[in-house]
Amino acid sequence: MLKLHVLASGSRGNAAIVENGRTGQGVLVDCGICKREFLDRAATCGFDLSGLAAVVITHDHGDHVKGLGVVLRGLAKAGVRPAVYASEAVLAASAPLRDAVASVGVSCRVFAAGDRLPLAGLAVRPFATSHDAAASFGFRFDEPVPRVEEGGAPEVAADALGFVTDTGFMTDEASRVLAGVRLLALESNHDDRMLREGPYPYPVKQRIASDRGHLSNEQAARALVDLVHEGLEAVVAMHVSQENNTYRLPRETLERALAEASPALAPQVRVTVAFQDRPVTVA
Ligand SMILES: [Zn+2]
Ligand SMILES: [Zn+2]
């Protein structure tokens, strides 16, 4: 079974670990928090960092990469050297990312949308999102169905987790790739009215609300209604703005949309929210 540990989520810094519950190995998605927070929060979540097999980077914005160097160096001192993956364009655009991997003497590995990366005993599939970065990606994590030998044990059901943040809208590709997951980490960045009436300068408001900005609570609700199926057990609202949202609104908006669109399925879907300042585990 898969577990998601969101160590931090929001515009001040992002980091999340997808854990392969069978092996204790994990993949870190982004690293925009400092070493102290990273180590403390991973420990709070009960994730043993010696199992950290890889890091995948969604995009080149600072809130997703600024802590990578200090964290990789801290891990290297403890003998942990995860492989680091980013897209070609993100790698070219991010000096902090290149410096971070160089500082521990490794080279960044490159992925493209549609790849299937074998990491931590999982199949990790990047897909393109729509954001004002050099390039940006979400990921699907599949725990592959173990091969069944002839006359052997029956098939064990596969597990799957979807992860999508920092996207101005749900692309067709994202909707297609995320279909059928059991756990879903879904951006629910802002409330439209709070953004409109809030303190940000007009160009920043426009950027956030644009097709290359961030998903609003309402957009997240529509995406969730599209993706809900009888195997969906939990959704985590991600990258919640501290200026243009509350931690209550995404949960209410997603729960209400589910109850209206799929009253039969809504009771089985847990809706939780990821925080900037404390970790959350969903399994
Ligand atoms: Zn971000
Ligand atoms: Zn971003």
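Note that region 203-208 has calculated 3J(HN,Hα) couplings of x, 5, 4, 4, 4, 5 Hz, one per residue in order, obtained from phi through the Karplus relation 6.51 cos²θ - 1.76 cosθ + 1.60 (θ = phi - 60°); glycine and proline are x. Shape index of region 82-133: Rg/Rh, with Rg the Cα radius of gyration and Rh the Kirkwood radius from the inverse mean 1/r over Cα pairs, equals 0.99.
Taking 2.2 N^0.38 Å as the expected size of a compact globular protein, what ratio does the Cα radius of gyration of region 199-283 give against it, to two decimals?
Here the answer is 1.17, to two decimals.
Could you state, as a whole-number percent, how many of the C-alpha pairs of the chain are farther apart than 25 Å? Roughly 43 percent, once rounded to a whole number. Ranking 206, 71, 234 by Cα position along the charge dipole of the chain, where only Lys, Arg, Asp and Glu carry charges on their C-beta atoms, puts 71 farthest toward the positive end.
Taking a cut-off of 26 Å between Cα atoms, list the lysines near residue 35, but don't count ones fewer than 8 places away on the same chain. Straight-distance partners of residue 35: 3, 66, 77.
Rounded to the nearest 20 debye, the dipole size of the chain about its Cα centre is 800 debye, using +1 on the Cβ of Lys and Arg and -1 on the Cβ of Asp and Glu.
Stretching residue 277 away from residue 248 to a fully extended chain increases their span by 8.9 nm, per 0.36 nm per residue minus the current alpha-carbon distance.
Averaging Cα coordinates gives a centre for region 240-283 and one for region 74-126; these two points are 30 Å apart.
Pair-distance distribution of region 1-125: all C-alpha pairs, bin width 10 Å, starting at 0; shares per bin in whole percent are 14, 50, 34, 2.
I want the antiparallel fraction of DSSP beta bridges within the chain, as a percent rounded to 5.
Taking every DSSP beta bridge with both residues in the chain, the antiparallel ones total about 55 percent.
Taking other C-beta atoms within 10 Å as the exposure proxy, 222, 140 rank 222, 140 from fewest upward.
Each value in this text was obtained by applying a stated rule to the coordinates, not by laboratory testing. Just so it is clear, the model here is predicted, and its values are computed rather than measured. Neighbour counts are summed over all protein chains in view; Cβ atoms, including those assigned to glycine, are modelled from backbone coordinates with ideal geometry.
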